[in-house]
Amino acid sequence: MKYKGRFGDYGGFYVPEVLIPVLEELEEAFYRFYKDQQYVAELSQLSREYAGRPSPLYYAKRFSEHVGFKVYLKREDLLHGGAHKVNNTLGQGLLAKYMGKTKLIAETGAGQHGLATAMIGALFGMETKIFMGVIDIERQSVNVHKMKLCGAEVIGVEGGTGTLKDAINDALRYWTAHVTDTFYLFGSACGPHPYPTIVKHFQTCIGKEARQQCLEQLGRLPDMVVACVGGGSNAIGIFSGFIDDKDVRLIGVEAGGRSLSSGRHAATLVAGRVGILHGAKVYLLQDEEGQIHDTESVSAGLDYPAVGPEHCLLKDTGRAEYVAAEDDEALDAFGLLTKSEGILPALESSHALAYLVSQKGKLDSEQIAVVNLSGRGDKDVSIVEKRRPLGN
Amino acid sequence: MKTYKQVFSELKGQNRTALIPFFVIGDPDFDTSVRIVKTAIDAGADILELGIPFSDPIADGPTIQKADIRAMKSGMNLGKALEFIRKVKDYKDIPIGLLMYYNLVYQYGIEKFFNDFHKAGVNSVLVADLSIDDADEIVGPAASAGLDTVFMVTPVTKPERMKLIASKTTGFIYTVSLLGVTGSRENLSGTIEGLVGKLKELTNVPVCVGFGISKPEHAATVAQAGADGVIIGSKIVGLIEDNLNDREKMLAKISTFLGEVKSAI
């Protein structure tokens, strides 16, 4: 490898020897193409015409009235596929094409990254396999069906708890056996180098746009930027735009699951300890000896016991703050945004909204929060119906 | 304590190849696992490769994953692993290599891990998810604890990298015979003979071959290609899985199979 892929001491590439050449190849290709004129032009056209960028920054007036300060939503939910994931799958998919790869694999939790990969597989005519935990397949069946309609094969992973962690395990195992012709389109800004760097690169458009939109629409920068954190790609994407603006607070919201004290959650940065999983040294939810804990969250996309390395560094340096929102708080926030604005947020993004609700009365009315509304909640309607029945 | 060097040089004198069975410590439970390993020693094992179970073994196929789960369910932990190793060493002074994942070493404390496990009788620790690039994190502490180093080479490892790996290896090179995770295979990978030959040109460090070796014929081919050792994991771990209801049959099957391999190499 040319670079160490470290964020402070975090990150790196802790992988079996067999994966080193293919990660080297990926690193080399990324640094060759990411500034290449033709590549940049093609990606920018696809982002605009296929994905629907730029996404709007929307003043959620009625939601703001409820919490008592100004809330702006960065509408990544309006992108093609319904989430920020398409930014990354277009970038990496195009990279795969430039590298001459013909097959894509990806892991997925909520199915948003799986769907965004399946879309790109269809767009570029690549054979696509999506690894997904069996529990997630059950709770995100709409996305599973959409992936299949796009022509992807969805492979159910039974190991462990049948969630995102197990899907990554099996995708890595599959990749080990198919390194020569298969591109692993990793979905979050975590895992082994160079993925945290690559995924962040393709998600920085969120932060760049949001900052510009703040200056144009509000005439100033926001007081805080809030995003949910599973692996951390939407959060690092929007944080990156404001990281040098020291007066802007950056807040990452993890999945508090049932509750932090119950141990049934996925709040890695809030409650974890440093270790090594999925190729990176990062905060992890683990037992005393280092066996990885089962996690729990109403949101499949946040249900993961590790996190991206840059978030670990941002936590240690204090540049970003990390908090947790429990399932019930996220479900309340989902209901509030839907009722007050007619916008269904993804349960992942609902965690970020839940943090704002928790700040009611703590900020003054002129303060401004920008929330990354990373995805739309259509996929979650049946879960919400189960947990919060509407009745007749 | 018997060293890899001693074993390989003894075998060389007899024109034989080392038989290296792999088991997950504590699979399916502590006591049976001890009996299994003793059986393997009696059947002619020259070196033992022992796995410590991990919740997320990304380099392992379904057979070893299930063994990890069985061992963890029966309460395996690092304290018991130390006890296990001492028991095996009491039975026979045979070199033991551990094969495991980095997080367990890291959480235990790298230096303390190597010291404690070396004291119990371990000769080397191969960390499956730690490549040569970050090996400095363990090479120093391993050497000061008195351990040999073992690293992997695969069919996609480039020659200059092979040389680098060989230069950091004091025990043996664990040569992965195919692209993929652990697991028994019907046929041996066609690339293995060339790979062993290449390594033999590049280094004098002993070369052992693992992954997918499931039949005495596979072992014979690997031995004829010039390998110093043959590592057999999933095939015999599969025999444990297939005979969970009959411990005596399980031991007999493992003994017979290893005996057949032994005579083939």
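The values are calculated or read from the model by the stated rules, or taken from the named source; none is laboratory data. Here the structure is a predicted model, which means the values were calculated and not measured. Quick reminder, even Gly has a Cβ in these numbers, built from the backbone with ideal geometry, and neighbours come from all protein chains shown.
Scanning the stretch A:323-379 for residues that are among the β-branched types (Val, Ile, Thr) and over 21 Å from the mean Cα position of the chain (by Cα) yields a count of 3.
All conditions but one from (1) touching a Ser or Thr at 6+ places or on another chain (Cβ under 6 Å); (2) of a type outside the set (D, E, K, R); (3) surrounded by fewer than 22 Cβ atoms within 10 Å (Cβ to Cβ) apply to B:Ile254; the one that does not is (3). A:Leu277 satisfies every condition listed in (1) closer than 17 Å to A:Arg319 by Cβ; (2) within 14 Å of chain B (Cβ to nearest Cβ) except (1). In the stretch A:163-184, the count of residues that are on the phi < 0 side of the Ramachandran plot, at pLDDT 95 or above, more than 14 Å from chain B (Cβ to nearest Cβ) and not in a helix (DSSP H, G or I) is one or more. Quick one: A:Lys2 ticks every box in (1) surrounded by 17 or more Cβ atoms within 10 Å (Cβ to Cβ); (2) under 27 Å from A:Thr317 (Cβ atoms) except a single one, so which number is it? Exception for A:Lys2: condition (1). Annotation note: Cβ proximity below 7 Å between a residue of the stretch A:31-48 that is free of Cβ contacts under 8 Å to residues at least 24 places away in the same chain and a residue that is in a helix (DSSP H, G or I) (sequence gap 6+ or interchain) occurs for no pair.
May I ask you to verify whether A:Val270 is under 14 Å from A:Tyr304 (Cα atoms), surrounded by 24 or more Cβ atoms within 10 Å (Cβ to Cβ) and among the aliphatic types (A, V, I, L, M)? Considered against the rule, which asks whether it is under 14 Å from A:Tyr304 (Cα atoms), surrounded by 24 or more Cβ atoms within 10 Å (Cβ to Cβ) and among the aliphatic types (A, V, I, L, M), A:Val270 comes out as no.
Where strands (runs of 3 or more DSSP E) fall entirely within the stretch A:1-82, those with at least 1 residues that are at pLDDT 95 or above and within 14 Å of chain B (Cβ to nearest Cβ) are at A:10-14. Would you check which residues across the stretch B:234-249 are more than 20 Å from the chain's Cα centre (by Cα) and part of a helix (DSSP H, G or I) and list them? If the condition is that a residue be more than 20 Å from the chain's Cα centre (by Cα) and part of a helix (DSSP H, G or I), then B:Asp242, B:Arg247, B:Glu248, B:Lys249 are the ones that fit. When A:Lys101 is tested against (1) under 19 Å from the mean Cα position of the chain (by Cα); (2) surrounded by fewer than 24 Cβ atoms within 10 Å (Cβ to Cβ); (3) over 19 Å from A:Ser350 (Cα atoms), only condition (1) is not met.
Looking at the stretch A:77-102, which of its residues are in contact with a strand residue (DSSP E or B) (Cβ under 6 Å, 6 or more places away or on another chain) and farther than 19 Å from A:Tyr34 by Cβ? Correct list: A:Asp77, A:Gly82, A:Ala83.
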